[in-house]
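J.: Mind looking over this structure? Questions follow.
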Amino acid sequence: DKIYYRGQKLPNIAWEGSYILGKQGIGRMEFSPISLQNDKKKTLVSFEASVDLDRESIFVDVPKQSFQLEDIREYSNMDFLKGKWTLAGKVSGNYKNPDYEFQMDGSQLSIKQAPLDYLTLDFHGNTEKLILDSMKTAYLQNKAEVKGYYGIQDESYDISVKAPEIDWKLLQSFVSQYGIEKIEGNSNLDFHIKSDKSQGRLSLHNVSLELPKQYISMKNFTGNIELHGDEMIVHQISGKINEGNTKLTGRMQVPKLNEIKKDVSFLKKLNYYFNIDVEELKYQIPKVLSLDFSSHLRLESNKLRGNIELLRGKVIDIPNAYQSYWQILRRFFERKSSQVVLDSQSLGEDFEVQGAEIKLEDLLDVDLSLWIQEGIKVDIPELNVAIEDVKGTIIGGVSVIGKEGKYALLGNLEVEKGSLMINTNIFTLDKAMLSFNENKAYLPNLNPSLLLDSSVDVNGEKVRFSIQGKVDDLRFSIASNQGNTSGSLNSLITGQIQENENNASYTALLRNIIGGQLTQTVIRPFAKIIRKIFHFEKFRITSNLYNQINKKDDSSGDLQLGAKIEVEDNLYKDKLYWNFTGTLYDTGVQNTQINSQSKDNRIMDQYDLSFKYPYSDTKTFEIGVGKLPSKFYSSQEHVKEKKLNYHIGVKIEKKMDDFFDIFR
């Protein structure tokens, strides 16, 4: 008992035997029976055997018998196979090169819960050759037969595989664990594989499948794969991936079995090319993003070349649990390559794959370009607890270049017409660019350059906020009529910057952010409920925290608290919008020239209703009516008599690189 071979546990062996002395003084050994048993001493297989030492012959007789495959699970790697297995056979001849023949068949078999109609296996041979007389199986009326020959000494082979009609639904039980669903279609397979020359054909007819977790749908793939000599030719296989027309063509040198060595290095030596063309593929992650793209890729002799053109797209959310595709792919390849090594080690040192550090990424020399054609629109209502209403259009392009697992990202990405709200402060992005310009910085460890110029309105005053530098060493600057401030972005985030007379703009911005935090924690949950109920495109209630300046001395005075409301919605096909803004409540509404102010006047002291018509990307026409705030009036009587204010306007935007662009 407790027998192991190359790390694999073997059944216990029990036998009864005798020895008969022969004429030449050597004799004959007889064993009747020999039993293979599990740890509970249950007999799995029994047979009789004899060895004639005088004649150097052996004879083994395995009578027809059956056992359950579950009983031998701990002694084999066939844990995916269940059912009843029947076998019979014999071994005879010179014990240095005996002949053997076996017949096997299964009943009530299942592979990974998929029931087989039948499975039969007949083979014979000796130490020089193995002849597979027939292996037949069927599943859901899909029949397949394999016959062949393998020369153990000279590594020659001649194998025939035929499956006249394969319904791809039979694969569903095997691929469900990989997230593949709704697999269907059919194919015909007829291959004759020989050590000197092979031929065959695989035809695909309307093959479809879905990967719902990856939001990928493949429909109606049809085409042919042919085998001629040592070359596999992929005639046009076409279908649709996410409504995008997809075509695959190419050819590949098929290595002979004796060319496949102990490691995977033979892959580097293969001669092949494949062209993959995709037109108008629509990839969509619900409530996150949608991208339309076309591509032309060529994989040739371990080199991946081509271009990917992002036609259009929209991003509406970036989940906090986001994980980059690069990390997922890298972990997948490392896990798979490690598994190849572990599986090979279980076969023994003769088949062990050396070099666990080998990964698929090491094999490819990559030169890919990605270009954004119409721009990727960003419209994220809520990015995180502090940032919302992120808008803009991403343009530009990047290239991925490298080999041996070291891939650099080169190019620029720019945001046009960008804006975002940080704790109720709307930052307008005048310029935002991310530049990848280091060809020795490799994925995923990149350190691009960031240039960001923005402006924000703080209590009626425009404050300029800029960030620039390498991502790991960014610097900021804040400028307004009250002064300028600059320094390390890390200091700004951690609050280590010291307030002085030169950074009053920083103080004003910080004060507004504090007021915005009050909005986030107290007011925002109610605003979100109202927005969802009425389906407004934009609905905000924001706080307004600021200093009430006492002009009679130099003191700062007291902090005042206010609240504002803003509503915006689309009236007609993204062509006509209505907008309402108003002051819900304002404790700092009084003007210094007004001695008293009723509490009623603090509610809706200011409001405006307007209609906007953006008749081009850079021009907007607007009309509206509203009530001016009390601070514009010199006395309480004027406040009581104030009337509605009507306004009309045209907004024209133009991007200028220099002063003379104004007149061009």
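Quick grid of which residues meet (1) touching a residue at least 40 places away in the same chain (Cβ under 8 Å); (2) under 30 Å from Lys282 (Cβ atoms); (3) crowded, with 17+ Cβ neighbours inside 10 Å; (4) touching a Pro at 6+ places or on another chain (Cβ under 9 Å):
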site	(1), (2), (3), (4)
Ser110	no, no, no, no
Thr120	no, no, no, no
Asp133	no, no, no, no
Ala138	no, no, no, no
Ile152	no, no, no, no
Glu155	yes, no, no, no
Ser160	no, no, no, no
Val175	no, yes, no, no
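J.: Restricting attention to the stretch 385-441, report how many residues are under 30 Å from Ser301 (Cα atoms) and of a type in the set (A, V, I, L, M, F, W, C).
T.: Within the stretch 385-441, residues that are under 30 Å from Ser301 (Cα atoms) and of a type in the set (A, V, I, L, M, F, W, C) number 8.
J.: Restricting to the stretch 79-108, name every residue that is in contact (Cβ under 8 Å) with a residue 12 or more places away in the chain and either in contact with a helix residue (DSSP H, G or I) (Cβ under 6 Å, 6 or more places away or on another chain) or of a type in the set (Asp, Glu) (or both).
T.: Going residue by residue through the stretch 79-108, those that are in contact (Cβ under 8 Å) with a residue 12 or more places away in the chain are 80-108.
Result: Leu81, Lys82, Gly83, Trp85, Asp99, Glu101, Asp105.
J.: Could you grab me the full set of residues in the stretch 11-52 that are touching a Lys or Arg at 6+ places or on another chain (Cβ under 9 Å), surrounded by fewer than 14 Cβ atoms within 10 Å (Cβ to Cβ) and among the aliphatic types (A, V, I, L, M)?
T.: Those that are touching a Lys or Arg at 6+ places or on another chain (Cβ under 9 Å), surrounded by fewer than 14 Cβ atoms within 10 Å (Cβ to Cβ) and among the aliphatic types (A, V, I, L, M): Ile20, Leu21.
J.: While we're looking at this one, here's another question. Quick one: in the stretch 466-503, which of the residues that are at pLDDT 55 or above and of a type in the set (A, V, I, L, M, F, W, C) is nearest to the chain's Cα centre (by Cα)?
T.: Here the answer is Val471.
J.: For the stretch 73-100, what are the residues that are farther than 21 Å from Asp133 by Cα and at pLDDT 85 or above?
T.: Once the filter is applied, which keeps residues that are farther than 21 Å from Asp133 by Cα and at pLDDT 85 or above, the stretch 73-100 yields Gly83, Lys84, Asn94, Tyr95, Lys96.
J.: While we're looking at this one, here's another question. Looking only at the stretch 151-190, which residues are part of a loop (DSSP other than H, G, I, E, B) and either closer than 25 Å to Phe123 by Cα or among the β-branched types (Val, Ile, Thr) (or both)?
T.: Ile152, Gln153, Asp154, Glu155, Ser156, Ile180
J.: With the structure loaded, tell me whether Pro255 is in a loop (DSSP other than H, G, I, E, B) and either more than 32 Å from the chain's Cα centre (by Cα) or not aromatic (Phe, Trp, Tyr) (or both) or whether it fails that test. Show your work before the answer.
T.: Numbers: in a loop (DSSP other than H, G, I, E, B): yes; either more than 32 Å from the chain's Cα centre (by Cα) or not aromatic (Phe, Trp, Tyr) (or both): yes.
Yes: the conditions hold for Pro255.
J.: A follow-up question, please. I need the strands (runs of 3 or more DSSP E) fully contained in the stretch 265-316, keeping only those with at least 2 residues that are within 16 Å of Ile372 (Cα to Cα) and basic (Lys, Arg). Write out each step before concluding.
T.: Details: elements: 272-285, 289-300, 303-315.
Hits in the stretch 265-316: 303-315.
J.: Determine which single condition Ile72 fails, assuming it passes every other condition in (1) outside any strand (DSSP E or B); (2) free of Cβ contacts under 8 Å to residues at least 24 places away in the same chain; (3) buried (at least 16 other Cβ atoms within 10 Å of the Cβ).
T.: (2)
J.: Which condition breaks for Gln65 when tested against (1) farther than 18 Å from His124 by Cα; (2) at pLDDT 90 or above; (3) surrounded by 16 or more Cβ atoms within 10 Å (Cβ to Cβ); (4) not hydroxyl-bearing (Ser, Thr, Tyr)?
T.: (3)
Residues checked against (1) assigned to a loop (DSSP other than H, G, I, E, B); (2) under 51 Å from the mean Cα position of the chain (by Cα):
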{"residue": "Lys23", "(1), (2)": "yes, no"}
{"residue": "Glu48", "(1), (2)": "no, no"}
{"residue": "Val51", "(1), (2)": "no, no"}
{"residue": "Lys64", "(1), (2)": "no, no"}
{"residue": "Lys90", "(1), (2)": "no, no"}
{"residue": "Ser110", "(1), (2)": "no, yes"}
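J.: I'd like to know if the stretch 112-121 contains one or more residues that are modelled with pLDDT of 90 or more, assigned to a strand (DSSP E or B), under 42 Å from the mean Cα position of the chain (by Cα) and over 21 Å from Pro63 (Cβ atoms).
T.: Scanning the stretch 112-121 turns up no residue that is modelled with pLDDT of 90 or more, assigned to a strand (DSSP E or B), under 42 Å from the mean Cα position of the chain (by Cα) and over 21 Å from Pro63 (Cβ atoms).
J.: So, in the stretch 75-89, exactly how many residues are surrounded by fewer than 17 Cβ atoms within 10 Å (Cβ to Cβ) and charged (D, E, K, R)?
T.: Total satisfying the criteria: 2.
J.: Test Asp453 against the criterion of being over 17 Å from Val415 (Cβ atoms) and not polar (S, T, N, Q), and give yes or no.
T.: On the way: over 17 Å from Val415 (Cβ atoms): no; not polar (S, T, N, Q): yes.
No, not satisfied.
J.: Any residue in the stretch 225-232 that is surrounded by 15 or more Cβ atoms within 10 Å (Cβ to Cβ), in contact with an Asp or Glu (Cβ under 9 Å, 6 or more places away or on another chain), part of a strand (DSSP E or B) and charged (D, E, K, R)?
T.: Looking for residues that are surrounded by 15 or more Cβ atoms within 10 Å (Cβ to Cβ), in contact with an Asp or Glu (Cβ under 9 Å, 6 or more places away or on another chain), part of a strand (DSSP E or B) and charged (D, E, K, R), one finds none in the stretch 225-232, hence no.
J.: All but one of (1) surrounded by fewer than 17 Cβ atoms within 10 Å (Cβ to Cβ); (2) more than 24 Å from Gln8 (Cβ to Cβ) hold for Lys147; state the number of the condition that does not hold.
T.: Checking Lys147 against (1) surrounded by fewer than 17 Cβ atoms within 10 Å (Cβ to Cβ); (2) more than 24 Å from Gln8 (Cβ to Cβ), the one that fails is (1).
J.: Oh, and also: Does Val415 count as without any contact (Cβ under 8 Å) to a residue 60 or more places away in the chain and farther than 24 Å from Lys538 by Cα?
T.: Numbers: without any contact (Cβ under 8 Å) to a residue 60 or more places away in the chain: yes; farther than 24 Å from Lys538 by Cα: no.
No, not satisfied.
Per-residue answers, yes or no, for (1) under 30 Å from Tyr157 (Cα atoms); (2) modelled with pLDDT under 95; (3) surrounded by fewer than 16 Cβ atoms within 10 Å (Cβ to Cβ):
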{"position": "Lys169", "(1), (2), (3)": "no, yes, yes"}
{"position": "Tyr178", "(1), (2), (3)": "no, yes, yes"}
{"position": "Gly185", "(1), (2), (3)": "no, yes, no"}
{"position": "Phe191", "(1), (2), (3)": "yes, yes, no"}
{"position": "Ser195", "(1), (2), (3)": "yes, yes, no"}
{"position": "Lys219", "(1), (2), (3)": "no, no, no"}
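J.: For the stretch 1-54, which positions are among the aliphatic types (A, V, I, L, M) and touching a helix residue (DSSP H, G or I) at 6+ places or on another chain (Cβ under 7 Å)? Spell out the reasoning first.
T.: As a first pass, look at the stretch 1-54 and keep what is among the aliphatic types (A, V, I, L, M): 3, 10, 13-14, 20-21, 26, 29, 34, 36, 44-45, 49, 51, 53.
Of everything in the stretch 1-54, those that are among the aliphatic types (A, V, I, L, M) and touching a helix residue (DSSP H, G or I) at 6+ places or on another chain (Cβ under 7 Å) turn out to be Leu10, Leu44.
J.: Taking the criterion of being farther than 16 Å from Asp61 by Cα and out of contact with any strand residue (DSSP E or B) (no Cβ under 7 Å at 6 or more places or on another chain), would at least one residue in the stretch 89-98 satisfy it? Can you show your working first?
T.: From the stretch 89-98, those farther than 16 Å from Asp61 by Cα are 96-97; that's our starting set.
Within this subset, residues satisfying the condition of being out of contact with any strand residue (DSSP E or B) (no Cβ under 7 Å at 6 or more places or on another chain) are 96-97.
Scanning the stretch 89-98 turns up at least one residue that is farther than 16 Å from Asp61 by Cα and out of contact with any strand residue (DSSP E or B) (no Cβ under 7 Å at 6 or more places or on another chain).
J.: Right, another one. Are any residues in the stretch 205-229 of a type in the set (A, V, I, L, M, F, W, C) and more than 16 Å from Val161 (Cβ to Cβ), and if so, which ones?
T.: Keep residues of the stretch 205-229 that are of a type in the set (A, V, I, L, M, F, W, C), which gives 207, 209, 211, 216, 218, 221, 225, 227.
Across the stretch 205-229, the qualifying residues are Val207, Leu209, Leu211, Ile216, Met218, Phe221.
J.: Which residue, of Leu291, Leu311, is closer than 24 Å to Asn242 by Cβ, modelled with pLDDT of 50 or more, over 16 Å from the mean Cα position of the chain (by Cα) and surrounded by 15 or more Cβ atoms within 10 Å (Cβ to Cβ)?
T.: Numbers: Leu291 fails: over 16 Å from the mean Cα position of the chain (by Cα).
Unique residue meeting the criteria: Leu311.
The values are calculated or read from the model by the stated rules, or taken from the named source; none is laboratory data. Just so it is clear, the model here is predicted, and its values are computed rather than measured. All Cβ positions, glycine included, derive from the backbone under ideal geometry; neighbour counts span all protein chains shown.
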